[in-house]
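> Mind looking over this structure? Questions follow.
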Amino acid sequence: MRIFQVIFMTFALLAGLPAALAQGAFGGGPAHIAAELDSESDRPAPGGRTTIAFAMTPQQGWHGYWENPGDAGLGMTVDWTLPKGVSVGALRYPVPETLLISGLMNHVYEGPYAVLAELRVAADIAPGTRLPVRAKAQWLACTDKVCVPETGDLSLDLIAGEGAVQPAARSRF
């Protein structure tokens, strides 16, 4: 019985593809989930770490997915472009909400959320070195009727420094 639910949901998602295209999906229109890349410190210390965040804001009626989306959906994927000596850890997600659609359990975010990652800077990077961080992120934005694959080319321009956390960032991280 479960297989029929999954097949039904797959067909339902595919049936919404023309509507998704008409709504400007695939980079042709405004995102249903706005994404920004932010950093705890804009001057991470050589040999240190800082937290970066994908701040995700769904439009009213839309939701994004947890790393384990449940019976349907798709978690976010990220392709990083990082300077030499900079690495990034695994994505860390907040606890999701559960959403039951057509008998399928989904793990989602219906309001603003942030996906975090730890950015590590090698000890041999000289202070003052530019650290351009680029992320091509892909996620699925859905309502209870249609899903739209979305992408974001996000960037941060950091500079190796003292590693201080910006006062405005303290409350966000």
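The values are calculated or read from the model by the stated rules, or taken from the named source; none is laboratory data. Being a predicted model, the structure only gives us computed values, none of them experimental. For neighbour counting, all protein chains shown are included, and Cβ atoms are generated from backbone atoms with ideal geometry for every residue, glycine included.
> If A72 passes every condition in (1) of a type in the set (G, A, S); (2) part of a strand (DSSP E or B); (3) modelled with pLDDT under 95 but one, which one does it miss?
So the condition that A72 fails would be (2).
> Here's something else I'd like to know. For S39, all conditions in the list (1) touching a helix residue (DSSP H, G or I) at 6+ places or on another chain (Cβ under 9 Å); (2) at pLDDT below 95 hold save one; what is the number of the exception?
Going through (1) touching a helix residue (DSSP H, G or I) at 6+ places or on another chain (Cβ under 9 Å); (2) at pLDDT below 95 one by one, S39 breaks only (2).
> Got at least one residue in segment 131-144 being closer than 20 Å to E36 by Cβ, crowded, with 18+ Cβ neighbours inside 10 Å, among the small types (G, A, S) and touching a Pro at 6+ places or on another chain (Cβ under 9 Å)?
Within segment 131-144, one or more residues are closer than 20 Å to E36 by Cβ, crowded, with 18+ Cβ neighbours inside 10 Å, among the small types (G, A, S) and touching a Pro at 6+ places or on another chain (Cβ under 9 Å).
> Need the failing condition index for A45 against (1) within 15 Å of the chain's Cα centre (by Cα); (2) assigned to a loop (DSSP other than H, G, I, E, B); (3) of a type in the set (A, V, I, L, M, F, W, C); (4) modelled with pLDDT of 95 or more, just the number.
Here A45 clears every test but (1).
> Look at segment 131-167 and say how many of its residues are in a strand (DSSP E or B) and over 30 Å from P69 (Cβ atoms). Show your work before the answer.
Initially, segment 131-167 is screened for residues in a strand (DSSP E or B), giving 131-142, 147-159.
Keeping just the survivors that are over 30 Å from P69 (Cβ atoms) gives 131-132, 157-159.
Adding up the residues that qualify gives 5.
> Restricting attention to segment 49-56, does a residue exist that is assigned to a loop (DSSP other than H, G, I, E, B) and more than 13 Å from the chain's Cα centre (by Cα)?
Within segment 49-56, the first condition is being assigned to a loop (DSSP other than H, G, I, E, B), and the residues that meet it are none.
No, every residue in segment 49-56 fails to be assigned to a loop (DSSP other than H, G, I, E, B) and more than 13 Å from the chain's Cα centre (by Cα).
> Do you know which residues across segment 100-123 are more than 19 Å from the chain's Cα centre (by Cα), within 12 Å of D71 (Cβ to Cβ) and assigned to a strand (DSSP E or B)?
Within segment 100-123, L100, I101, L104, M105 qualify.
> Among the residues of segment 156-173, what is the count of those that are surrounded by fewer than 12 Cβ atoms within 10 Å (Cβ to Cβ) and either at pLDDT 85 or above or closer than 22 Å to A123 by Cα (or both)? Outline the logic, then answer.
To start, the set of residues in segment 156-173 that are surrounded by fewer than 12 Cβ atoms within 10 Å (Cβ to Cβ) comprises 157, 162, 167-168, 170-171.
In the following step, the residues that additionally are either at pLDDT 85 or above or closer than 22 Å to A123 by Cα (or both) were identified as 157, 162.
Within segment 156-173, residues that are surrounded by fewer than 12 Cβ atoms within 10 Å (Cβ to Cβ) and either at pLDDT 85 or above or closer than 22 Å to A123 by Cα (or both) number 2.
> In addition: Mind listing just one residue for me: the one in segment 89-124 that is surrounded by 16 or more Cβ atoms within 10 Å (Cβ to Cβ) and of a type in the set (V, I, T) and, of those, modelled with the lowest pLDDT?
That would be I101.
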